[in-house]
Amino acid sequence: MAADATAETLGPLLDVLAQSLDVQEVFARISTVARQSVPHDCLLFGLVTEDGERYRVVAVSENEARAALLEQSFAPPSPGLAQEDFAIFRNLRSIAGKTQGLEGLVRTASSGADEPFKWHPGPPWVAMGYPSWLRLTVRLRGDVLGFLNFLSREPDSYTQADVPAARRIADLVALAFAHERLAEEARRRAEAQERAVQLEGRVARLTAELDAAEGHQAIGTSRTWREVLTQAAKVAPAETTVLLTGESGTGKEVVAHLIHRGSRRAEGPFVALNCAALPEALLESELFGYEKGAFTGAVSARAGRLEQAAGGTLFLDEVGEMSPAVQAKFLRVLQEREFQRLGGTRTLKADVRVIAATNRDLKAAMTQGTFREDLYYRLHVFAIHLPPLRERQEDILPLLEHFLNQLGPVVTGRPAAGISPEAREQFLAYAWPGNVRELRNAVERALILCEGGLLNPEHLPWHAESARSAPPPSPAAAPPIVGDFPAHGVDLEAMERTLVERALKQAGQNKSKAARLLGLTRTKLYTRMQRFGLGE
């Protein structure tokens, strides 16, 4: 009879669960349908906590019990367990996995000599008038998820005969919860994807605004460069201090402008100060300003960069070159948001967002005692590292085209006729120790030399040095032939293939380096790689 009742219950129960993926939302209806198989006054579902020590109630079918039990967390030693069993019950996942009794614990809060609560007060629902309960372990893909409890106001309501029907209901709850988790994961993935799309759109908008308003362009499609722009777009709306690190010429000021454009201070000024370009005394006066008579030559008061940047952004380039005295004063600006002009007594408010940049290793400078540790951590709230150009090689050609189009009309009065494949190969093969700044300068010099015509290798900076030293892409001298050819001849094709393989291995599969070792252009190297079946 119980089996028939359970079968009649499963269909309606599946219909209820199909109405919503939220178990909590349909839990009262689950309880109503489940009563046909396992009579109860209240149904309770709890999830085991991450530490496996307790379980937290997440769904209760009855209103009066819900207020008292929902979100409560407790360790549920079951009445009737021996004292030694209670000692191992502290890890619910372990005991639920190893003790068959937990598959269907039938308990009643009774009195007398055999009272099961002589060493434990029992679950909280006992005091609420539910003296009998049947507890089922709920598993998901073999792992213990939690417990489903059937509670009754009548003593001795349950026997082991009720366990099979209750087990089927518990399994359906586990299945519903699995679907709920999958739906939640899908929702989170969709939200993350939507945020990524919005962020990408924001990066595109900021770079376009930056170019239109200030003439700075964040050129590049490499993964590392896009990560830099994404981080900049994320931190831009905050008032957080940002530290930009990387080699000289990698575009730190461009990124600082992008952060400013994306901030709430975009309508305010962007004021830049290069700390390496000024001696200590002059840097201090430029940064903080001075009052009339503060030093010889101070014939009138002058606002410093901090005041000039009020309501906007102060960009401190090469902040690692600050002297210890200026570091101490600037630390107060970051801590207290106030400062004084040189020679002044009036305290002024520093209403600025600070973006600092350095090409130095500030951690090493701290170790050497040349940079204050407390200032470092004030600046290092949100750090963005800009990769050197040699690590974003796919951006070289887009940057090259950009500088040709940008500088051609300025330098020669007309766009350049173009760039030869050989010159292109040499741009790609060069290591660019000066990064984007060096690339721009090389293009400008080449445009002057080619006079608006086709840009060739002889127009590149290293060509002028070839008389004094070999240019970067020059081939190694061919080794002399030793001895006579063997009587059976040589396999020139096999020798060439071996040389290409050795060059690629020595260059760590870097095509530009391998081409340079072989004295070839990258195009010619690719032709040989295809011929020999060496892949791309």
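The values are calculated or read from the model by the stated rules, or taken from the named source; none is laboratory data. Because the structure is predicted, anything quoted here is derived from the model rather than measured. Counting neighbours? That spans all protein chains shown, and the Cβs are built from the backbone with ideal geometry, glycine included. Each accessible area value is taken on the protein alone, full model and side chains, heavy atoms only, with ligands, DNA and RNA left out. Shrake-Rupley method; radii C 1.70, N 1.55, O 1.52, S 1.80 Å.
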Inset, instruction - Please state which one of Ala357, Ala365, Ala328, Ala309 is among the small types (Gly, Ala, Ser), modelled with pLDDT of 90 or more and under 23 Å from the mean Cα position of the chain (by Cα). - result: Ala357
Inset, instruction - Give the number of residues within the stretch 194-252 that are part of a helix (DSSP H, G or I), at pLDDT below 90, open to solvent by 40 Å² or more (accessible area, probe 1.4 Å) and among the polar types (S, T, N, Q). - result: 1
Inset, instruction - Of the conditions (1) over 24 Å from Lys513 (Cα atoms); (2) free of Cβ contacts under 8 Å to residues at least 60 places away in the same chain, His402 clears all except one; give me its number. - result: (2)
Inset, instruction - Among the residues of the stretch 264-276, count how many are assigned to a loop (DSSP other than H, G, I, E, B) and either modelled with pLDDT under 90 or in contact with a helix residue (DSSP H, G or I) (Cβ under 7 Å, 6 or more places away or on another chain) (or both). - result: 2
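Is it the case that the stretch 304-324 has a residue that's touching a strand residue (DSSP E or B) at 6+ places or on another chain (Cβ under 9 Å) and of a type in the set (Ser, Thr, Tyr)?
Yes, the stretch 304-324 has at least one match.
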Inset, instruction - Within the stretch 499-518, track down each residue that is among the polar types (S, T, N, Q) and either modelled with pLDDT of 85 or more or not in a helix (DSSP H, G or I) (or both). - result: Gln509, Asn510
Legend entry - Filter result (touching a residue at least 12 places away in the same chain (Cβ under 8 Å), surrounded by fewer than 18 Cβ atoms within 10 Å (Cβ to Cβ) and not in a helix (DSSP H, G or I)) within the stretch 519-536: Gly519, Phe532, Leu534
Legend entry - Ala357 open to solvent by 40 Å² or more (accessible area, probe 1.4 Å), closer than 18 Å to Ile259 by Cα and either outside any helix (DSSP H, G or I) or of a type in the set (Lys, Arg) (or both): no
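Any idea which of Pro486, Pro473, Pro479 is surrounded by 16 or more Cβ atoms within 10 Å (Cβ to Cβ) and at pLDDT below 75?
On inspection, the qualifying residue turns out to be Pro473.
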Inset, instruction - Could you tell me which of the residues Gln36, Gln24 is at pLDDT 70 or above, in a loop (DSSP other than H, G, I, E, B) and open to solvent by 50 Å² or more (accessible area, probe 1.4 Å)? - result: Gln36
Legend entry - Number of the condition not met by Ser300 [criteria: (1) within 21 Å of Ala325 (Cβ to Cβ); (2) surrounded by fewer than 20 Cβ atoms within 10 Å (Cβ to Cβ); (3) out of contact with any Ser or Thr (no Cβ under 8 Å at 6 or more places or on another chain)]: (1)
Legend entry - the stretch 323-345 residues that are more than 11 Å from Leu375 (Cα to Cα), paired with ones that are part of a helix (DSSP H, G or I) and of a type in the set (Ser, Thr, Tyr) (beta carbon under 8 Å, 6 or more apart): Leu342/Ser285
Legend entry - Number of the condition not met by Glu336 [criteria: (1) open to solvent by less than 50 Å² (accessible area, probe 1.4 Å); (2) modelled with pLDDT of 85 or more; (3) more than 28 Å from Gly246 (Cβ to Cβ)]: (1)
